[in-house]
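Heads up: the structure comes next, in structure tokens.
Each reported figure results from applying straightforward, stated rules to the coordinates on display, with no laboratory input. Small disclaimer: the values here were computed from a predicted structure and weren't measured. Ideal geometry is used to build each Cβ from the backbone, glycine not excepted, and the neighbour counts take in all protein chains shown.
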Amino acid sequence: MSSASFRDWLVCTASSFLLFIIGMVSPVFSLPATFVFSFPSALLAVEYGAAAASSSVFMASLLLSLVAPGFYSLMYFFMFGLSGMCIGLLAKFQLACGDFLMISSAMEFMGKLAGMLVLFLATGINTLSPDASEIEKIIVSLGLQPAERQMLHTVMDRIIILIPYSMIIFSAAEATLCLILLSYVHKKRTATRIFTLPPFGDWKFPRSILMALLIGFICVRITNGRENLYMVRQVGANLSELSRTLFIVQGLCCGYFFMARRGIPKLLSVMMIAVMPFVPFLSDIFAIVGVADMGFNLRERFRGA
């Protein structure tokens, strides 16, 4: 190992260790740090291969085990170190942007599942399905009125049932940011990109998402009032919410495309696109636009007109 590669190895290993420590102890920086946990091991895998990346991940895990309970080091290893290394190695296959992003997001998601399994085995805490009795105790301790308590119960049930959906969205966001940073640094070193997102107005998702929406709708319908089918209800709710989110994104892409054709300034278009998903009525409209674009290729029709 050359002095330059050894220096990079030290920097990436120290970064992995410090980022995870910051994520554990700092309420302010824990969320931002989460989005770049996988980057150091991914960078080593791209630049120097599996041996350098894996040794860095093992060393960072070892250092974490010296300053924190052992399961934290295992959580880092599975949730971020190993998934980052796999993303970096995947870059060598020069996949298409969509395939690269989808597989990388799946790797991040699988890493999170493995980390949650480690947490469950170490502490007995099931983060995918928290103990209902503990949640009830927390709600009762707030001293709310019966109506307020029922409303909070409904909100908490909704949050809990959509935990997998949240994990998928976070995994996709982490994978996207990791790939953008990875490509930026790699281009600085070699003048070549390994990942380039297409223009936002050209983003498209596969039509199979329509089938996911249908399956989710069926699952939700057949489980109404049946508490013994909780797992089926959770699958249905998460498929429905995930497909709806993708429809909204595709609708926003379609809207951005038409705003660009109308000559609306880019800054104004970006500001409008950033705000619209958080307005319930508008997000529903863009979800419908996304379904229409997915089914009828609206952008292609207007592009050819």
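Given the options I168, I209, I159, which has the most mean-square fluctuation in a GNM of the chain, springs set between C-alpha atoms less than 10 angstrom apart?
For the chain, modelled as a Gaussian network with Cα springs under 10 Å, the answer is I159.
Pick out which of L268, L213, L182 has the largest mean-square fluctuation in a Gaussian network model of the chain, springs linking Cα atoms closer than 10 Å.
Taking springs between Cα atoms under 10 Å, the residue moving most is L268.
Roughly how many Å is it from the Cα centre of the range 229-305 to that of the range 1-49, as a whole number?
35
Defining a contact as two alpha carbons under 8 Å apart and six or more residues distant in sequence, what relative contact order in percent does the range 150-284 show?
23
Neighbouring Cβ atoms within 10 Å as the yardstick, rank E300, E241 fewest first.
By the 10 Å Cβ count, ascending: E300, E241.
What distance in nm separates the two pseudo spin-label positions at T127 and S2, each 7 Å out from Cα along the beta-carbon direction?
3.9
If you work out log10 I(q)/I(0) by the Debye sum over Cα atoms at q = 0.12 Å⁻¹ from the coordinates, which of (1) -0.98; (2) -0.74; (3) -0.85 do you get?
(1)
Would you order W9, W203 from fewest to most other beta-carbon atoms within 10 Å of each residue's own beta-carbon?
Lowest to highest Cβ neighbour count: W203, W9.
What are the DSSP H helices in the chain that stretch 18 Å or more along their long axis, judged by alpha-carbon atoms, and whose average Kyte-Doolittle hydropathy comes to at least 1.6?
Span-like helices, by this rule, are 50-67, 208-222.
What whole number of Å gives the distance from the Cα centroid of the range 81-129 to the Cα centroid of the range 165-188?
About 12 Å separates the Cα centre of the range 165-188 from the one of the range 81-129.
How much mean residue ellipticity at 222 nm does the chain get from its helices, if each DSSP H run of length 4 or more adds -39500 (n - 2.57) and you divide by all residues, to the nearest 500 deg cm²/dmol?
Rounded to the nearest 500, it is -25500 deg cm²/dmol.
Only Cα pairs under 8 Å and at least 6 apart count here; give the relative contact order of the chain as a rounded whole percent.
13
Compute the length gained on full extension between L89 and L113: take 0.36 nm times their separation in residues and subtract their Cα-Cα distance, giving the result in nm to one decimal.
6.6 nm
Cross-link list K92/K204; K112/K188; K92/K188: which exceed 26 angstrom alpha carbon to alpha carbon?
Result: K112/K188 exceed 26 Å.
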